[in-house]
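Participant: Please find one structure pasted underneath; my questions will follow.
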Amino acid sequence: MGHSAAVWDYRVATEITKDWNGIDQIVLRTPRGASARVSLHGAQITSWRNEHGEELLFTSSKAIFKAPKAIRGGIPICFPQFGNCGSLELHGFARNRMWTIDDNPPPLPANDSSGKSFIDLVLKSSEEDMKCWPHSFEFRLRVSLTTDGDLALISRVRNINGKPFSFSFAYHTYLMVSDISEIRIEGLETLDYLDNLFQKERFTEQGDAITFESEMDRVYLSSPNIIAVLDHERKRTFVIRKEGLPDVAVWNPWEKKSKSMVDFGDEEYKQMLCVDGAVIEKPVNLKPGEEWTGRLQLSVVPSSFCSDCLGLDRSGL
């Protein structure tokens, strides 16, 4: 596209609108019509659509769109704690804070910018955060859409404290699926996992793929950098590529748990699945001045293409 590609890259492809609470949200678009929406509340991805306008992320019809409640769906950022594995609120505080647009972020490699529509956001520790988690940090997030409509997330956490700190992290990704009983995950077979339904007891995956017939709440450990989520009915596959995220959390609440959640429809478990690139079992430890980077890229391909594209080459990004 020559010169026009550079113009499309940012000025045309990015707009700021208001969400349901009057909070700014950023809309990213590609030339072919794919889009993503990012709220400044929590830096949460609230929508990701392909070039046909089909929504690829699940959001509950019962979701509570009122700060400070986290939105049930999309991709919330879990930091500095995943789940209840520490003393902080569930999944940490980053998803319930107001982020700001970062107009002058530290540079990223050229291939993280060229040909992409993107936005940079930043969260810095506040006095309120320091009361419950006494560490000074800067968290920078770049959200981008490739020309093919892939959704890419790059998180950078820097310790600007005078002492080391550690944290856990996840991109809590709610995928929209046709029917959970028709879904299989490939890439996690033979791995050890922690089962949250059994007090985080450690087991080894025995199946040749992960399938679903009841509630699941697991953290798969030391996982490969490419995972595939196959949707048999829609004949499409989510391909999850990651870097710096050794663990994968897999969650579906199933019927009984669904009925106990006020911000989740009784039957909605059939249309969603969380597959999270994460750092959970061995938290990240940062010395003063050090920075951690965690990358996630989501793409959708026809299922017939999947085994070829995976290959299963597990090198990731």
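The values are calculated or read from the model by the stated rules, or taken from the named source; none is laboratory data. This one's a predicted model, so the numbers in the text were calculated from it and none came from an experiment. Every residue, glycine among them, receives a Cβ derived from its backbone with ideal geometry; neighbour counts consider all protein chains shown. What goes into the accessible areas is simple: the full protein's heavy atoms, side chains included, and nothing from ligands, DNA or RNA. Shrake-Rupley method; radii C 1.70, N 1.55, O 1.52, S 1.80 Å.
Participant: Among Gln199, Thr59, Ile45, pick out the residue whose Cα is farthest towards the positive end of the charge dipole of the chain, where Lys and Arg carry +1 and Asp and Glu carry -1 on C-beta, about the Cα centre.
Facilitator: The one lying farthest along the dipole's positive direction is Ile45.
Participant: Related question: Is it possible to state the helix-based mean residue ellipticity at 222 nm for the chain, with each DSSP H run of 4+ residues giving -39500 (n - 2.57), the sum divided by total residues, to the nearest 500 deg cm²/dmol? What is it?
Facilitator: On the way: 4 runs with 26 residues, N = 317.
Result for the chain, helices only: -2000 deg cm²/dmol.
Participant: Related question: How big is the shadow of the Cα convex hull of segment 105-153, averaged over all directions, in nm²? Walk me through the intermediate numbers first.
Facilitator: Details: hull surface 16.6 nm².
It is 4.1 nm².
Participant: Charges at C-beta only: +1 for Lys and Arg, -1 for Asp and Glu. How large is the resulting dipole of the chain about its Cα centre, in Debye rounded to 20?
Facilitator: Values: 37 positive and 45 negative charges, 168 e Å.
The dipole of the chain has a size of about 800 debye.
Participant: Ignoring ligands, DNA and RNA, what percent of the 1.4 Å accessible area of the chain is carbon and sulfur?
Facilitator: On the way: 6910 of 13980 Å².
Here carbon and sulfur together make up 49 percent of the probe-accessible area.
Participant: Among Asn285, Asn159, Asn50, determine the one that fluctuates most according to a GNM of the chain built with springs between C-alpha atoms less than 10 Å apart.
Facilitator: Checking each option, the largest mean-square fluctuation is seen for Asn285.
Participant: Do any of Lys116/Lys163; Lys124/Lys163; Lys18/Lys270; Lys124/Lys287; Lys131/Lys163 go past 28 Å between their Cα atoms, and which?
Facilitator: Working: Lys116/Lys163 37 Å; Lys124/Lys163 16 Å; Lys18/Lys270 30 Å; Lys124/Lys287 17 Å; Lys131/Lys163 16 Å.
Beyond 28 Å between Cα atoms: Lys116/Lys163; Lys18/Lys270.
Participant: Probe radius 1.4 Å, ligands and nucleic acids left out: which of Trp292, Trp99 has the largest accessible area, and how do the rest follow?
Facilitator: On the way: Trp292 25, Trp99 5 Å².
Correct descending sequence by accessible area is Trp292, Trp99.
Participant: Related question: So, for segment 98-190, what is the accessible surface per residue at a probe of 1.4 Å, expressed in square angstrom? Don't skip to the answer; put the middle values down first.
Facilitator: Values: 3640 Å² over 93 residues.
Result: 39 Å² of accessible area for each residue.
Participant: Sticking with this structure for a sec: Under a cut-off of 16 Å between alpha-carbon atoms, report the aspartates and glutamates in cross-link reach of Lys256, not counting same-chain residues fewer than 8 places apart.
Facilitator: The qualifying aspartates and glutamates are Glu213, Glu215, Asp217, Asp266, Glu267, Glu268.
Participant: Using protein chains only and a probe of 1.4 angstrom, how many square angstrom of Ile226 are accessible, to the nearest 10?
Facilitator: Ile226 has an accessible surface of roughly 10 Å² with all protein chains in place.
Participant: Can you work out ³J(HN,Hα) from phi for every residue in segment 101-108, in order, using Karplus 6.51 cos²θ - 1.76 cosθ + 1.60 and θ = phi - 60°, giving whole Hz and x for Gly and Pro?
Facilitator: Values per residue, Gly and Pro as x: 6, 9, 7, 9, x, x, x, 10 Hz.
Participant: I would also like to ask the following. If amide H atoms are built 1.01 Å from N in the plane of the peptide, which residues on other chains or at least 5 residues away come under 5 Å of the amide H of Val300?
Facilitator: Here the answer is Val239, since their amide H atoms fall under 5 Å of that of Val300.
Participant: Let me ask something additional. Largest first, what is the accessible-area ranking of Trp254, Trp48 with a 1.4 Å probe? Don't skip to the answer; put the middle values down first.
Facilitator: On the way: Trp254 50, Trp48 5 Å².
Reading off the accessible areas and sorting them downward yields Trp254, Trp48.
Participant: Stick to Cα atoms and the Kirkwood definition of Rh, then tell me Rg/Rh for segment 175-280.
Facilitator: Details: Rg = 13.4 Å, Rh = 14.1 Å.
That ratio is 0.95, to two decimals.
Participant: Rounded, prolate or oblate: which one fits segment 109-238, using the alpha carbon gyration tensor with axes a ≥ b ≥ c (rounded when a/c is under 1.5, else prolate when a/b beats b/c, else oblate)? Before the final figure, lay out each step's value.
Facilitator: Details: a/c = 2.45, a/b = 1.34, b/c = 1.83.
Since a/c reaches 1.5 but b/c is at least a/b, the shape of segment 109-238 is classed as oblate.
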